[in-house]
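Peer 1: Pasting a structure below so you can have a look.
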Amino acid sequence: MDWRRISWPILIVLGLILAIGVVFLLSASTTPTRPYAGFAEAQVKRVVFCLICFVVVLLIPYDWMGRRAVPIYLGGIALLVAVFFVGRTANGSSRWIPMGFIDLQPSEVMKVALIVALAHCLRCPEPLRSWRGLVAPFALTFIPMALILKQPDLGSAAILLPILFAMLYVARARILHLSLIAAAGLAACPIVYLFGLKAYQKARITAFINPEVEPLGAGYQILQSLTAVGSGGLTGRGWGEGTQTHLQFLPERHTDFIFAVIAEEWGFVGAGGLLFLYFALFALALSIAARTRDPTGRLIVTGAVVLLASQVIINTGMTVGLMPITGLTLPFVSFGGSSLLVSFIAVGLIMNVGMRPLPVLAPDGFPREFALRSTLPTL
Amino acid sequence: MYGGGATRLSTTRIRTLLLAITLAFGAIVGRLGYLQIARGEEYRRRAVDRSLRIDFLRPRRGTLWAHRGSDLEPLAEERPSHDVAVVLRDLDPAYHLVRKVARIRTIDPEEIDLRFRAIEERAREDPTAEFVLYPGLDSKTSRRLSRSIRKLPGIRTRARTLDGGTVFDIVIAGGLATRAERTLEALTRVVEIEPRQALEETRGWIRDAVDCTDVYQGLHDLRTPRPLLRDISFEEALRIEERHADLPGVTVIEGVRRVYPIGEAAGHLTGYLGPINKEEADDLAEEKRLVDRWRDLRQIDSIRELREGAHFKDDRVGRDGLERALESDLRGMVGAELVERDVRGTVVREIARLAPVPGEEMRLTIDLDLQEAAAEALAAAVDANEPATGGAVVAVDVQTGGILALFSYPSFDPSRFAKDYLTLIADPRRPLNNRAVRGSYAPGSVFKIVSAIAALETGVIRPGETVRCTGSFRPGSRWFKCSKKSGHGRLELREALQRSCNVFFYEMGERLGPDRLRDWGLRLGFGERTGVEIHGEGRGLLPSPEWLRQISKGRTPWTPGLNRNYAIGQGDIQVTPIQVAGLLAAVAGDNTPPPLHLRASAASPRTESGRTTRPGRGTLETVREGLRWVVQRPGGTAANRDGLKAVRAAGKTGTAQAGPDRNHAWFAGFAPSDRPRVAVAVVVEKVASNSHGGEVAGPVAAAVFAKALEESVEE
């Protein structure tokens, strides 16, 4: 491990995103009659806790994790099964295991476990060139997906798919294979819609397509969100001044729709700025992936980036009405322990890889200068 | 040795991945730009609209002030009251929830109502049991409802498995389903209320609020206390507060009530307030338009003009008497307050405010002492003269034309109007009828004043000319009798008035003919409304040959006999007591009196000029002389009325036939006769046929004169 190789730009970007998050949690939980800083304070405490976990993740060499991919993966599955027995039920789905300080959400843990497992499984590109080689990664993904769907938590289950596809893609699976599978999946969508979805899930999709159909029902959230975002204009209504937020028209202000709060109060400039910070984070992380010779490390980075990026895209996408409403949070900004912890672990994994240019037995075609540099003893 | 293809490829793939992320972010930023920049204004307006609400502010209704001596006292006044109000959400949480489910799931509300009523039935028998209020909700709906349910003990969702999925039933404790019913039942032990009716009413309000298109307004309505029963006593209010544990959702709020301090003694004069009709009230439904205008606060004046005719849904407006006639002045102007509200409708802050303009403080010409004296005297007169069914008295200030007292009997207490309404409309004596301005009576001999003026003015009789009365008059086959069987002998006009000689006036009727009689009747204020500020004034009727032809479709011809009856105020002629009071006020003075009125501000002094149609001074002096003799000379029809003599009154009695065995008893006069100050008209309707006008109505007038003159002595 080489502390000098720590990526300061990533840490700075991360710090800025976290700061924005806390600032807007303060705004989102304050009503004109009742100033309330509880959420922001709790979030700060959680950030401190997550930073400790983050450092722990940095200390454990990722290749050590890679070698223990099987027990990690099985542990994740075990937690997912356990949630059915000891989970806390809220709003009709059992997603949480109470753990005192934060309620642990096994589906969040599973995302990380799956990334490690897939990275380990896909580290050798050769088998992936055939259909048979794709069975294992798909099986690894679909088992936890099925368990998460059972909770039910459609959003968390769905987010595993982009992780799988992106990692397969970067691991050099055939584009033809991936396209065919994706096409088949898309073709199955109407069937899933008709038979696989629950009424409220269908209603959300209908509401996404036309929110005005049921403005007080399924369309309520999206209409309020669009109004909040739109009313922000170019420069926003000012921090703490958004009426949609402060008069509580906007639901789920400090969790799912925190981006709408930012867009309302800081306008296009603020919301665009936050998106730029995320983009910078992902671009920096992907540059680590590109630099990393070790396939496991490279894939872990890819998986972690896609995990975070798809959450950002889905969350902000639903806020601006580009995607149906799912319960996915905005990493580092939304209030929520599990999501924050997993996001920190994801960034921890990325930086972990970046700090450990592990020696690699260079396959054919490995550029000499990289091979030489990366064989220098580091630990 | 170094092919490099595979590695480069995967670096390319990472770049492609970054490109994909870039595109996705680009799409979101593009969408942000569209929403925030291209459509930002529209959304901003929507957000602002949603956060604003206009609250209208009730203006204070103007007070009706009357004189008592040199002081002013209220005749009708607004005072704070205690009202029983209900918070719908807390009163009937079960029904509220039922309607909410219906709204969210767009279920047929009728069906869910039936379902709820069935549960109510069963819950009445078994309040400890749990009932399924609504089965099979999906988790999403259940989740949204759980927020409303959370704080309600007695209602919860229960998960169950159905076709492999989980659905949720709302189950409700029987006690909660019947809660509103029990609450209203408990309320009957404190105040007078019909619980079934109240329950239906509040459920109607719940339906309106839940189904309200402006959902935020609906939420507001569900949480804001709404008056259910107005104006309870302080003791009742205290008892409700004491029992609040048994009365969830019931509170006492401050309201206003209209108080009529002298009550029944001025019931018809003041009139009463009643709830506004829906059609009259919809003006404030323009709320949205107001918000639009109000965004630019400089346009605040444009709201002012909209407020002019604005009413509230639960406004009470004048329904009779002065309250109705002066409604637009008394009402004042609605104020408004632009407030920022949160999603629950709670006011967060006030943005702008346009204070309500209170109604006009109205000073009336009424003298309370006189009004009370008139009321007392008339009530006594009517009650003492069985089978009289009612009567009216009107007193007028001769100098100003201001009404000093106006009373109709039987009367009612306007403060208790709503409570007494059913009794009042069932009363055969028709206490709601304002006889003073609406009652149409044959004037009888009182009309001889008009005939006398007409005769003198048209010259059909010369001053001092006499007519011989033999006790009867038989122009053809029919007998027209005089009041004195043996006849009055030869008498001139003043004596004819004094003794109320019918034969003299038969002769005048013949000489004048219907057109001149009618003409002078009109000039002296009959057949038309006096225009006094009381709602529903009647015109009376001055017949004419054309009128008779019209109503009989040409079958009944006008005969000379009709002329004779006309001149003595019998037949089809109809007058109102206030018209008679107006006549006496006009006769009492030489100058043109101002029109009759009740508002002190409308007063203007008598003028020399005015209508050229007024009788001349000589005529009036002659008639006044005759009227003085009625009271003050032996042989006058009111000569033995000591009360009238005592105040040196002048006047005319009248005993008009009103059906078989019934007469209307009249007295109309002024006092004191040398310098008249007050004119009075009194009628007592349907007295026995052996009662004489002066004897029944005279004392009432005497009492009014006495009171009026006693006061003027004090001054």
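Peer 1: Which number in (1) under 37 Å from the mean Cα position of the chain (by Cα); (2) modelled with pLDDT of 85 or more marks the one condition that B:VAL631 misses?
Peer 2: (1)
Peer 1: Can I ask one more? Does at least one position in the range B:160-171 carry a residue that is touching a Ser or Thr at 6+ places or on another chain (Cβ under 9 Å), closer than 19 Å to B:ARG117 by Cβ and assigned to a helix (DSSP H, G or I)?
Peer 2: No: zero hits.
Peer 1: Same structure again: Go through the range B:496-553 and report how many residues are in contact (Cβ under 8 Å) with a residue 60 or more places away in the chain and at positive phi.
Peer 2: The total comes to 5.
Peer 1: Quick check on the range A:264-275: of everything there that is aliphatic (A, V, I, L, M) and more than 7 Å from chain B (Cβ to nearest Cβ), which residue is farthest from A:ILE314 (Cα to Cα)?
Peer 2: Applying the filter and picking the extreme gives A:VAL269.
Peer 1: Taking the options B:THR166, B:THR183, B:THR202, name whichever one is touching a residue at least 12 places away in the same chain (Cβ under 8 Å) and within 14 Å of another protein chain (Cβ to nearest Cβ).
Peer 2: One residue alone meets the criteria, B:THR166.
Peer 1: On the given criteria, is A:ALA260 more than 9 Å from chain B (Cβ to nearest Cβ), surrounded by 24 or more Cβ atoms within 10 Å (Cβ to Cβ) and either among the aliphatic types (A, V, I, L, M) or in contact with a strand residue (DSSP E or B) (Cβ under 9 Å, 6 or more places away or on another chain) (or both)? Walk me through how you get there before you give the answer.
Peer 2: Details: more than 9 Å from chain B (Cβ to nearest Cβ): yes; surrounded by 24 or more Cβ atoms within 10 Å (Cβ to Cβ): yes; either among the aliphatic types (A, V, I, L, M) or in contact with a strand residue (DSSP E or B) (Cβ under 9 Å, 6 or more places away or on another chain) (or both): yes.
Here the answer is yes, as A:ALA260 does meet what is asked.
Peer 1: Among the residues of the range B:679-706, how many are more than 16 Å from B:LYS645 (Cβ to Cβ) and either in contact (Cβ under 8 Å) with a residue 24 or more places away in the chain or of a type in the set (D, E, K, R) (or both)? Steps first, answer last, please.
Peer 2: Restricting attention to the range B:679-706, the residues satisfying the condition of being more than 16 Å from B:LYS645 (Cβ to Cβ) are B:679, B:681-693, B:696.
Checking the rest, the ones that are also either in contact (Cβ under 8 Å) with a residue 24 or more places away in the chain or of a type in the set (D, E, K, R) (or both) come to B:679, B:681-689, B:691-693, B:696.
Number satisfying all stated conditions: 14.
Peer 1: If you take just the strands (runs of 3 or more DSSP E) that sit entirely in the range B:375-490, which of them hold at least 1 residues that are more than 28 Å from B:ARG529 (Cα to Cα)?
Peer 2: B:467-469
Peer 1: If you go through the range B:19-41 one residue at a time, how many are at the interface with chain A (Cβ under 7 Å from one of its Cβ atoms), touching a Gly at 6+ places or on another chain (Cβ under 9 Å) and either among the aromatic types (Phe, Trp, Tyr) or assigned to a helix (DSSP H, G or I) (or both)?
Peer 2: 11
Peer 1: In this structure, is A:LEU128 aliphatic (A, V, I, L, M), modelled with pLDDT under 85 and touching a Leu at 6+ places or on another chain (Cβ under 8 Å)?
Peer 2: Values: aliphatic (A, V, I, L, M): yes; modelled with pLDDT under 85: yes; touching a Leu at 6+ places or on another chain (Cβ under 8 Å): yes.
Yes.
Peer 1: Hey, another quick one. Pick from B:GLU130, B:GLU41: which is more than 42 Å from the chain's Cα centre (by Cα) and either crowded, with 20+ Cβ neighbours inside 10 Å or in contact (Cβ under 8 Å) with a residue 12 or more places away in the chain (or both)?
Peer 2: None of the other options fit; the residue is B:GLU130.
Peer 1: Can you go through B:ARG179, B:ARG115 and tell me which one is more than 21 Å from A:ALA203 (Cβ to Cβ), at pLDDT 85 or above and either among the acidic types (Asp, Glu) or crowded, with 17+ Cβ neighbours inside 10 Å (or both)?
Peer 2: B:ARG179
Peer 1: For the range A:227-257, which positions are buried (at least 21 other Cβ atoms within 10 Å of the Cβ), at the interface with chain B (Cβ under 10 Å from one of its Cβ atoms) and of a type in the set (A, V, I, L, M, F, W, C)?
Peer 2: A:ALA228, A:VAL229, A:LEU247, A:PHE249, A:LEU250
Peer 1: Out of all the residues in the range A:152-168, which are modelled with pLDDT under 90 and either within 11 Å of another protein chain (Cβ to nearest Cβ) or in a helix (DSSP H, G or I) (or both)?
Peer 2: Residues satisfying the conditions are A:PRO152, A:LEU154, A:GLY155, A:SER156, A:ALA157, A:ALA158.
Peer 1: Which residues, counting only those in the range A:169-205, are in a helix (DSSP H, G or I), at the interface with chain B (Cβ under 10 Å from one of its Cβ atoms) and touching a residue at least 40 places away in the same chain (Cβ under 8 Å)?
Peer 2: Once the filter is applied, which keeps residues that are in a helix (DSSP H, G or I), at the interface with chain B (Cβ under 10 Å from one of its Cβ atoms) and touching a residue at least 40 places away in the same chain (Cβ under 8 Å), the range A:169-205 yields A:VAL170, A:GLN201, A:ARG204.
Peer 1: Hey, another quick one. Output yes when any residue across the range B:682-697 is surrounded by fewer than 18 Cβ atoms within 10 Å (Cβ to Cβ), more than 34 Å from the chain's Cα centre (by Cα) and of a type in the set (D, E, K, R), and no when none is.
Peer 2: Among the residues of the range B:682-697, not one is surrounded by fewer than 18 Cβ atoms within 10 Å (Cβ to Cβ), more than 34 Å from the chain's Cα centre (by Cα) and of a type in the set (D, E, K, R), which makes the answer no.
Peer 1: For the range A:315-325, check the following and say yes or no: at least one residue is closer than 28 Å to A:PRO125 by Cβ and either of a type outside the set (A, V, I, L, M, F, W, C) or surrounded by fewer than 24 Cβ atoms within 10 Å (Cβ to Cβ) (or both).
Peer 2: No, that holds for no residue.
Peer 1: (1) within 14 Å of the chain's Cα centre (by Cα); (2) under 14 Å from A:VAL347 (Cα atoms); (3) at the interface with chain B (Cβ under 10 Å from one of its Cβ atoms): which one isn't true of A:GLY317, the others all being true?
Peer 2: Result: A:GLY317 fails condition (2) only.
Peer 1: Which ones in the range B:1-18 are more than 7 Å from chain A (Cβ to nearest Cβ), modelled with pLDDT under 85 and within 23 Å of A:ARG174 (Cβ to Cβ)?
Peer 2: B:ARG8
Peer 1: So is B:LEU97 without any contact (Cβ under 8 Å) to a residue 12 or more places away in the chain, assigned to a helix (DSSP H, G or I) and more than 14 Å from chain A (Cβ to nearest Cβ) or not?
Peer 2: Values: without any contact (Cβ under 8 Å) to a residue 12 or more places away in the chain: no; assigned to a helix (DSSP H, G or I): yes; more than 14 Å from chain A (Cβ to nearest Cβ): yes.
Answer is no for this residue.
Peer 1: Considering only the range B:321-338, I want to know if a residue exists there that is surrounded by 19 or more Cβ atoms within 10 Å (Cβ to Cβ) and within 14 Å of another protein chain (Cβ to nearest Cβ).
Peer 2: yes
Peer 1: Name every residue in the range A:156-197 that is under 12 Å from A:PRO137 (Cβ atoms) and more than 24 Å from the chain's Cα centre (by Cα), in order of residue number.
Peer 2: Within the range A:156-197, A:HIS177 is the sole residue that qualifies.
Peer 1: May I ask you to list the residues in the range B:44-64 that are outside any loop (DSSP other than H, G, I, E, B) and either among the acidic types (Asp, Glu) or more than 14 Å from chain A (Cβ to nearest Cβ) (or both)?
Peer 2: B:ASP49, B:ILE54, B:ASP55, B:PHE56, B:LEU57, B:LEU64
Residue-by-condition table, conditions (1) in contact with a strand residue (DSSP E or B) (Cβ under 8 Å, 6 or more places away or on another chain); (2) of a type outside the set (A, V, I, L, M, F, W, C); (3) modelled with pLDDT of 85 or more; (4) within 14 Å of B:LEU35 (Cα to Cα):
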site	(1), (2), (3), (4)
A:SER231	no, yes, yes, yes
A:LEU247	yes, no, no, no
A:PRO251	no, yes, no, no
A:HIS254	no, yes, no, no
A:GLY267	no, yes, yes, yes
A:PHE279	no, no, yes, no
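Peer 1: Here is a further query. Can you tell me which residue among A:ALA283, A:ALA309 is part of a helix (DSSP H, G or I), in contact (Cβ under 8 Å) with a residue 24 or more places away in the chain and under 19 Å from the mean Cα position of the chain (by Cα)?
Peer 2: Among A:ALA283, A:ALA309, only A:ALA309 is part of a helix (DSSP H, G or I), in contact (Cβ under 8 Å) with a residue 24 or more places away in the chain and under 19 Å from the mean Cα position of the chain (by Cα).
This table checks each residue for (1) farther than 25 Å from A:ALA119 by Cβ; (2) more than 14 Å from every other protein chain (Cβ to nearest Cβ); (3) without any contact (Cβ under 8 Å) to a residue 40 or more places away in the chain; (4) touching a Phe, Trp or Tyr at 6+ places or on another chain (Cβ under 8 Å).
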{"site": "A:VAL22", "(1), (2), (3), (4)": "yes, yes, yes, no"}
{"site": "A:ALA37", "(1), (2), (3), (4)": "yes, yes, yes, no"}
{"site": "A:CYS50", "(1), (2), (3), (4)": "no, yes, no, yes"}
{"site": "A:VAL57", "(1), (2), (3), (4)": "no, yes, no, yes"}
{"site": "A:GLY75", "(1), (2), (3), (4)": "no, yes, yes, no"}
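The values are calculated or read from the model by the stated rules, or taken from the named source; none is laboratory data. Keep in mind that this is a model prediction, so the values were computed, not measured. Every residue, glycine among them, receives a Cβ derived from its backbone with ideal geometry; neighbour counts consider all protein chains shown.
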